1. For the pair Lys17/Asp102, report the inter-label distance in nm, with labels modelled 7 Å from Cα in the Cβ direction.
2. Starting from 0.36 nm per residue, how many nanometres of slack lie between Val82 and Ser62 once their C-alpha separation is accounted for?
3. Counting alpha carbon pairs within less than 8 Å and at least 6 residues apart, what relative contact order, in whole percent, applies to the chain?
4. How charged is the neighbourhood of His50? Take every other residue with its Cβ under 11 Å from the Cβ of His50, and add Lys/Arg as +1 and Asp/Glu as -1.
5. ³J(HN,Hα) across region 61-67 via Karplus (A = 6.51, B = -1.76, C = 1.60, θ = phi - 60°), whole Hz, x for Gly/Pro?
6. Using a 1.4 Å probe and ignoring any ligands, DNA or RNA, find the accessible area of Phe45 and quote it in Å² to the nearest 10.
7. How much of the pair distance distribution for region 49-103 lies past 18 Å, counting alpha-carbon pairs only, in percent?
8. How long is the chain along each principal axis, judged by its Cα atoms, biggest number first, in Å?
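The values are calculated or read from the model by the stated rules, or taken from the named source; none is laboratory data. Note that the coordinates shown come from a computational prediction; the quantities given were computed from them, not determined experimentally. So basically every Cβ, Gly included, is an ideal-geometry build from the backbone, and we count neighbours across all protein chains shown. In case anyone asks, the SASA skips ligands and DNA or RNA and just uses the protein heavy atoms, side chains included. Shrake-Rupley method; radii C 1.70, N 1.55, O 1.52, S 1.80 Å.
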Amino acid sequence: MKNILYIYDKLGWKRAKGYPKGTRIKTLRDEGNAKTILLKLPKGFHMDSHCHVTTEQHLVISGKYESEGEVYSSGNYRLIPVGVDHGPFESKTGAVILVIWDPLIEQSEI
């Protein structure tokens, strides 16, 4: 194991660039195009729908958010395949979400 981080401390949280105001981010892994983050959504969070070139995974640590008519609350896991449009996202109460983006597979690796 390379790194051990305590996800509940106040260290390492930063303003999440490209996200709505008040959103905070804590990077747990950043290896090229493979990333694992904690995303802290503020009360009243809203983000438009979008898609990614890699698989995205969500695990709600605390709070809840709504997307596409579904409510994802503490303990819910969500797998979003490559290229699938997802959102919009809203959180009336705020939430902390573990977000994992899988590594991008290059055509030469297939």
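1. 2.8
2. Going from the current span to full extension adds 4.7 nm.
3. Values: 249 pairs, mean separation 32.4, N = 110.
Reported as a whole number, the value is 29 percent.
4. -3
5. Listing the rounded values in order: 7, 8, x, 7, 9, 10, 7 Hz.
6. So the heavy atoms of Phe45 present about 10 Å² to solvent.
7. The share of Cα pairs beyond 18 Å in region 49-103 comes to 27 percent.
8. Rounded to whole Å, the extents work out to 44, 33, 25 Å.
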